[in-house]
């Protein structure tokens, strides 16, 4: 039986050798962003605090919750023994930033104490969780090592945001992105090609480009939506209420999005496994190169990823 360390009261000894090393305590489906592939993955929450997006089936296997301090500490201690070659950590699941400030600071302090070789920590976030943190609190977290936030923007079109139940408006999303950057954190945002369907594809692309320009993230990761059975998004397609763009339609959408996006030195990439065409450019300098590559693909001069190779 592990001895408990309570981060609220400070009772107990977090470095007590009586804490057993049993391996990492992962529960249910676990995901992380591609850039965190080599990071120490610490599951500090279960699921997503929102978990209502119609297109997402990732965390339907569990209810949202914050994991017990003793389990989190046990995983950190396990990593301290067996993961000394990994110099970043990533806090799972879907939205670790939702953890109350005092408790999240404690987690970061344990990482600093027991994993001193870790150079930085990343986390997913959503508009709600960023809203609940002041800039001062975000700066404090940055000082404890939380230096990278991944925010699912998906679309800048408020009509589409309501349809997919994203929560919050594009403007609120933009303001929270700026808040993260004001705290000195690296901001990566994810957008979804195809989420608006064929009819509203280009409207979604333009609105998203406008949102990205206003937010000015350090990195934009474009993914292509892949319908997941059992989700409301899948059901809409099955009922014929929504038709996804075909391969070329997805390319036209990405082209329009890039054409309407102006970043101050950030990167735009579509190198996720879900995409038909992989590009990575720095904007604004690489905008014309990106448009040229997409045009070449539309003309059949560059091959697209076959359907069987795509994954989400």
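Of note:
- Within segment 145-187, the set of residues being more than 16 Å from the chain's Cα centre (by Cα), surrounded by fewer than 17 Cβ atoms within 10 Å (Cβ to Cβ) and outside any helix (DSSP H, G or I) comprises 165, 169, 184.
- Being over 21 Å from residue 226 (Cα atoms) and not in a helix (DSSP H, G or I) is a description that applies to residue 85.
- For residue 214: the one exception among (1) outside any helix (DSSP H, G or I); (2) under 25 Å from residue 127 (Cα atoms); (3) out of contact with any strand residue (DSSP E or B) (no Cβ under 6 Å at 6 or more places or on another chain): (1)
- Members of segment 134-144 that are touching a helix residue (DSSP H, G or I) at 6+ places or on another chain (Cβ under 8 Å), buried (at least 17 other Cβ atoms within 10 Å of the Cβ) and touching a residue at least 40 places away in the same chain (Cβ under 8 Å): 138, 141
- Looking only at segment 258-276, and only at residues there that are farther than 14 Å from residue 217 by Cα and over 19 Å from the mean Cα position of the chain (by Cα), the one that is surrounded by the fewest Cβ atoms within 10 Å (Cβ to Cβ): 259
- Selection status of residue 304, touching a helix residue (DSSP H, G or I) at 6+ places or on another chain (Cβ under 9 Å) and at pLDDT 95 or above: no
- The set of residues from segment 243-288 being part of a helix (DSSP H, G or I) and farther than 16 Å from residue 198 by Cα comprises 258, 259, 287, 288.
- Scanning segment 292-308 for residues that are in contact (Cβ under 8 Å) with a residue 24 or more places away in the chain and either surrounded by 17 or more Cβ atoms within 10 Å (Cβ to Cβ) or part of a loop (DSSP other than H, G, I, E, B) (or both) yields a total of 5.
- Test for residue 311: is it surrounded by fewer than 18 Cβ atoms within 10 Å (Cβ to Cβ) and touching a residue at least 60 places away in the same chain (Cβ under 8 Å): yes
- Residue ID - modelled with the highest pLDDT, chosen from residues in segment 6-26 that are closer than 26 Å to residue 129 by Cα and either within 15 Å of the chain's Cα centre (by Cα) or crowded, with 16+ Cβ neighbours inside 10 Å (or both): 24
- Scanning segment 30-59 for residues that are crowded, with 18+ Cβ neighbours inside 10 Å and not in a loop (DSSP other than H, G, I, E, B) turns up 36, 40, 41, 42, 43, 45, 46.
The values are calculated or read from the model by the stated rules, or taken from the named source; none is laboratory data. Every value quoted in this text rests on a predicted model; they were computed, and no experiment measured them. Because the Cβ atoms are built from the backbone with ideal geometry, glycine has one as well, and the counts that use them run over all protein chains shown.
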